[in-house]
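Bear in mind that the values in this text are calculations on the coordinates, not laboratory data. Since we're looking at a predicted model, the values are computed, not measured. Because the Cβ atoms are built from the backbone with ideal geometry, glycine has one as well, and the counts that use them run over all protein chains shown.
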Amino acid sequence: MPSRAEGNRTMQHSKLSRRSFLQISSAATAGAVLAACAPVAGDMAGGDMADDMPDQLEAEITVWHQDWDGMNRILAWATEAFAEVEPGVTVNTQPIGYGDLLAKLLPSIAAGNEGDINYHYTDWVVATDVSQVFLEITDLAGGRNALEERFFPAAFTAVNAPEGKAYYYPYISGLSDCVLVLNTDHFSEAGGDWTQWSDLGVVIEDCLKVRQIDDDGNMTHAAWTLTGMLGLFPQTIMYQLGGAPYDVETATFTYNSEAGIAALQFMHDIIYEHRLFDWDFIDNVWQDMANGILSMEGMGSWTYSVLANQFPLNLEALPMPSHPDALERILCPSHIGSWALSRRLRDESDKLNASIAFIDMIMSTEGQLQAMDFYSGSLMTPAVYADPRIEDTKYGAVSRKCALGVWPHARYAGHHVANPAPAWREAERALTGEISIQEAVENIDAEMQGLEDTALERLNA
C-alpha cells in the first residue's frame, strides 16, 4: 500500500507494540479479541483483554479474498502490519477473482478445504443454512449486542440465521439502488438544486430541467437512467408504499399486489411519461456519464469512485430520496461483502485466535480508512465515520453521507433466493414494453416462488 502523505494518518507500526494493538482492538470491537485469549468455548466475560492475551500467537492461516486491486492493497497493508504485532503468525493471502470465488467457496466448504478466513457476499449464502457454512461468531465477538454496537445492525438481517446468532463480520457494501450519483454541473446549469431533493417527485422535476429532446422528438441528453436499478429499487418503493415483496410468515412473494404494481408503474412513468431517458439512447452508463450525455444514475455509492477515478467530472452522491407518497422511509440495499471464519477452526484454537486477530486488523479504524482513498461504497462500522481522519481520505465524506443516510433505514426482504436475476428480467421486460406490468408482477412472483420453494425444500430436508 502506498504511504499516506498526511503524517497524522500514518500508523507508526514500528512503535506499535502488541499490547497497544490489543488495547486498540479491544476498544474498537467491544470484546471481539477476547476470543484470542480464552478457550474456544466457555465464558467470554473477563477483565482487561490485552492483559489476558497469550504472550504470543503461533499459527499459520489462509485468507481467501476477492482479487480486486483495492482489496489487494488493504490485505497487503494488513499482512505487513499484523506481522509486526504477531510475528508468530504466518498469513497466506489468496486473491481469487469474483466469479471463481463464487463458484468455489461453497463446494470447498463442503469438502472442508476452504480458507481459514473467507471473504464472500451475503447473497451467496442466503439459500443455505448459514450455521452449516460459517463458524458462529456471536460469543467470539462479545455477544449480539456488542456486534450491533460495532456494526450497522441491519447488516445481520441480510442472511437468515438462528435468532440472535451471527456468522459473519460485515465489511463493505456498494449500496446499489440506494444512492443517486449525479453530475452537479448539469443540474446547476439547468437551474436544479439537488440539496432540496426532499422526495423523488422533486428529483423528477429537476430531471425534467436537465433532459433534452430535439425538435424531431429525439433525445439528446438523458437526465436519469434506471439501468441497473430493476431489482432492489422496486422493492424499496413497495416497502415505502406499505407493501412488501415477500411475506416472511407465509414464505410467499407478493409482487402481484397494489404496492408491487405501483412500484413498476412509478418506474414506467419515469421512462415513458416523464421520459427522463430512452433505452436506446443509453449505451454504456460509464461512457454516457463521461461524455456528458447522461446526468445521473442510481447504481450505488460505489459508482462515485469508479467515475471520479476515471473521468474529470464534478459529482455528488446522495442517499435515495423516498417516493412522494411514502408511508415510511425504507431502503433496500444490495449484498454486503463480509468476512467469515471456517467451521474447521472450532477444533483449531491457535488458528481461530490468529484468524480473529487478523480480522480485527483488517477491520481496525486504520485498516478501514485505507479503503476510503479509492472506494466510495459503504463501510459497515459507524465508529470509523466518527473518526476525524475520515475527512482526510479521498472518498470518506461521500461514503459517510451515504452510509449514514441508508443503513438506519435499511431492510432486507428475508427470502432464500440467491440469484433473483431471472425474475428481475421480468421487470425489465415490462419497462421496455415487451409485456404488461400485470404480466411482469405475476411472472416475478412465479419465478421467485419457484426458487424459494426449492431452497426451502433443500433446507428442510
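Is region 330-461 best put as rounded, prolate or oblate by its Cα gyration tensor, with a ≥ b ≥ c the root eigenvalues, rounded for a/c under 1.5, and otherwise prolate when a/b is larger than b/c, oblate when not?
Cα axes put region 330-461 in the oblate bin.
Give me the Kirkwood hydrodynamic radius of region 284-383, using the inverse of the mean 1/r over all pairs of distinct Cα atoms, in Å to one decimal.
17.1
Return the FRET efficiency for the residue pair Thr184, Asp325: r is the Cβ-Cβ distance, R0 is 35 Å, and the value is rounded to the nearest 0.05.
0.80
Which one of Met372, Cys332, Tyr239 has its Cα pushed farthest toward the positive end of the charge dipole of the chain, where Lys and Arg give +1 and Asp and Glu give -1 at the Cβ?
Met372
Would you mind computing, in nm to one decimal, how far apart the modelled labels at Asn314 and Ala76 are, each placed 7 Å from Cα along Cα→Cβ?
Placing both labels 7 Å along Cα→Cβ, they lie 3.5 nm apart.
What residues from region 278-303 fall in the zone where the backbone N is under 14 Å from a label point 7 Å along the Cα-to-C-beta line of Arg425?
none
List Ile61, Ile330 from most exposed to least, where exposure is judged by having the fewest other Cβ atoms within 10 Å.
Starting with the residue having the fewest Cβ neighbours, the order is Ile330, Ile61.
Using the Cβ atoms and a cut-off under 12 Å, what net charge is assigned to the surroundings of Leu140, where Lys and Arg are +1 and Asp and Glu are -1?
0
Return the Cα extents of the chain along principal axes one, two and three, sorted largest first, each rounded to a whole Å.
Sorted from largest, the Cα extents of the chain read 76, 57, 36 Å.
Find which of Pro319, Phe266, Trp77 sits farthest along the positive direction of the dipole of the chain, computed with +1 on the beta-carbon of Lys and Arg, -1 on that of Asp and Glu, about the Cα centre.
Trp77
About the Cα centre, and with charges only on the beta carbon of Lys, Arg (+1) and Asp, Glu (-1), how big is the dipole of region 267-356? Nearest 20 debye, please.
In debye, rounded to 20, region 267-356 gives about 620.
Kindly express, to the nearest 10 degrees and within the range 0 to 90, the angle between helix 69-85's C-alpha long axis and the longest C-alpha principal axis of the chain.
20
Only Cα pairs under 8 Å and at least 6 apart count here; give the relative contact order of region 200-353 as a rounded whole percent.
Relative contact order for region 200-353 comes out at 29 percent.
Which value, in debye to the nearest 20, gives the size of the charge dipole of the chain about its Cα centre, when Lys and Arg are +1 and Asp and Glu are -1 at the Cβ?
1160
Relative contact order of the chain, please, whole-number percent, based on alpha carbon pairs below 8 angstrom and at least 6 residues apart.
So the answer I get is 23 percent.
Using alpha-carbon positions, what is the distance between the centroids of region 63-117 and region 373-408, in Å?
Between the Cα centres of region 63-117 and region 373-408 lies a distance of 24 Å.
Enumerate by residue number the GluC sites (Glu not before Pro) in region 362-428 meeting two conditions: DSSP loop (anything except H, G, I, E, B), and at most 16 other Cβ atoms within 10 Å of the site's Cβ.
Passing both the DSSP loop test and the Cβ count: no residue.
Which whole-Hz ³J(HN,Hα) couplings does region 145-155 yield from phi under the Karplus relation 6.51 cos²θ - 1.76 cosθ + 1.60, θ = phi - 60°, glycine and proline marked x?
So the Karplus estimates, Gly and Pro as x, are 4, 5, 5, 6, 7, 7, 10, 4, x, 4, 4 Hz.
Taking neighbour counts of Cβ atoms within 10 Å as a proxy for exposure, in what order, fewest first, do Thr195, Thr393 appear?
Ranked by crowding around the Cβ, least crowded first: Thr195, Thr393.
How would you order 103-112, 268-277 from highest to lowest mean count of nearby Cβ atoms within 10 Å?
268-277, 103-112
To the nearest 0.05, how large is the calculated FRET efficiency for Ala111 and Ala461 if R₀ is 22 Å and r is the Cβ-Cβ distance?
E between Ala111 and Ala461, to the nearest 0.05, is 0.65.
Asp347 versus Thr432, label points 7 Å from Cα toward the beta carbon: distance in nm?
Modelled inter-label distance: 5.1 nm.
Express in nm, to one decimal, how much length is gained between Glu84 and Asp193 on full extension, taking 0.36 nm for each residue of separation and deducting their alpha carbon distance.
Separation in residues times 0.36 nm, less the Cα-Cα distance, equals 34.2 nm.
If a/c stays under 1.5 just call it rounded; otherwise compare a/b with b/c (prolate if a/b is bigger, oblate if not). Do that for region 125-189, with a ≥ b ≥ c from the square roots of the Cα gyration tensor eigenvalues.
Prolate shape, in that a/c is at least 1.5 and a/b is the bigger ratio.
Going down the list Lys351/Lys401; Lys165/Lys351; Lys165/Lys394; Lys104/Lys401, which pairs span over 31 Å between their C-alpha atoms?
The pairs that break the limit, which is 31 Å between Cα atoms, are Lys351/Lys401; Lys165/Lys394; Lys104/Lys401.
Based on the alpha-carbon gyration tensor of region 178-325 and its eigenvalue square roots a ≥ b ≥ c, which shape applies: rounded if a/c is under 1.5, prolate if not and a/b is larger than b/c, or oblate?
prolate
Rank these for me by crowding, Leu102, Leu226, going from fewest to most other beta carbons within 10 Å.
Ascending Cβ contact count within 10 Å gives the list Leu102, Leu226.
When we measure straight from the Cα of Lys209, which aspartates and glutamates land under 19 angstrom away, once same-chain ones fewer than 8 places off are left out?
Cross-link targets: Asp185, Glu189, Asp193, Asp199, Asp269, Glu273, Asp278, Asp288, Glu297, Glu316.
Specify the inter-centroid distance of region 205-238 and region 139-203, based on alpha-carbon positions, in whole Å.
One Cα centre to the other: 23 Å.
Can you give me the distance in nm between label points at Val202 and Leu102, each placed 7 Å from the Cα along the Cα-to-Cβ direction?
With each label point 7 Å from Cα toward Cβ, the separation is 3.7 nm.
Under the 0.36 nm per residue contour assumption, what length would be gained going from the current alpha-carbon distance of Glu258 and Asp129 to full extension?
Computed gain between Glu258 and Asp129 is 43.2 nm.
About its Cα centre, what dipole magnitude does region 402-459 give when the only charges are +1 on Lys and Arg Cβ and -1 on Asp and Glu Cβ, stated in debye to the nearest 20?
Computed charge dipole of region 402-459: roughly 340 debye.
What percent does the relative contact order of region 386-461 come to when contacts are Cα pairs within less than 8 Å and at least six residues apart?
Averaging sequence separation for qualifying contacts and normalising by length gives 26 percent for region 386-461.
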